[in-house]
């Protein structure tokens with residue numbers, strides 16, 4: 001009888017832990033969205049961020065030490081941010097290379113990382129969402145869109161899955 005009680009108590013504890021993890025994940029997602037908005041507002045491209053249990057990790061290249069410090073300072077007042085791990089690298093190449101306009105060929109595949117989730121149950125046509133370029137996009141030998149470049153897209157069509165049949169459908173455009 002004692003073993004049965006322990007097993008039942010253990011089974012009841014799992015959903016509670018799972019719920020706590022889910023709540024932390026949701027908080028991290030909200031924080032990540034605010035972090036991306038703050039980074040975008042600095043006007044400094046090529047920065048990637050991730051949030052895990054309130055710890056923000058920044059990676060990418062910046063032009064100056066001042067830019068590196070400015071990004072960290074922009075995150076200081078965001079709720080949910082416990083610590084900022086600033087792993088940004090000051091790139092001498094970025095300091096000396098002038099920006100060159102680049103053209104992309106129609107149909108070029110863009111590797112994009114969404115800043116949040118899009119759910120077919122709640123998304124509507126016309127909704128906008130944010131993301132960042134997840135790998136350098138080249139135009140010839142030149143980088144046309146560096147990693148971390150912010151992008152905005154919109155939902156073209158969203159159809160939730162049916163209860164008994166039918167797959168969810170989501171159409172996006174950038």
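Every read-out reported here was derived from the displayed coordinates using simple, explicitly stated rules and does not represent laboratory data. As the structure is a computational prediction, the values presented were derived from the model and not from experiment. Cβ placement follows ideal geometry from the backbone for every residue including glycine, while neighbour counts extend to all protein chains displayed.
Could you compute Rg(Cα) / (2.2 N^0.38 Å) for the range 45-174, with N its residue count?
Ratio of Cα Rg to 2.2 N^0.38 Å: 1.29.
Whole angstrom only: what separates the Cα centroid of the range 137-151 from the Cα centroid of the range 100-115?
So the separation of the two Cα centres works out to 7 Å.
How many nm separate the modelled label positions at residue 117 and residue 156, each set 7 Å beyond the Cα in the direction of the Cβ?
The modelled label-to-label distance comes out at 2.5 nm.
If R₀ is 25 angstrom, what is the calculated FRET efficiency for the pair residue 106 and residue 26, using the beta carbon separation as r and rounding to 0.05?
After rounding to 0.05, the efficiency reads 0.05.
Only residues of the range 144-159 count here: report those whose backbone N is under 20 Å from the spot 7 Å along Cα→Cβ of residue 127, or say none.
Taking a point 7 Å out along Cα→Cβ of residue 127, the residues of the range 144-159 whose backbone N falls under 20 Å are 151-159.
Over all directions, what mean area does the Cα convex hull of the range 99-174 project, stated in square nanometres?
6.0
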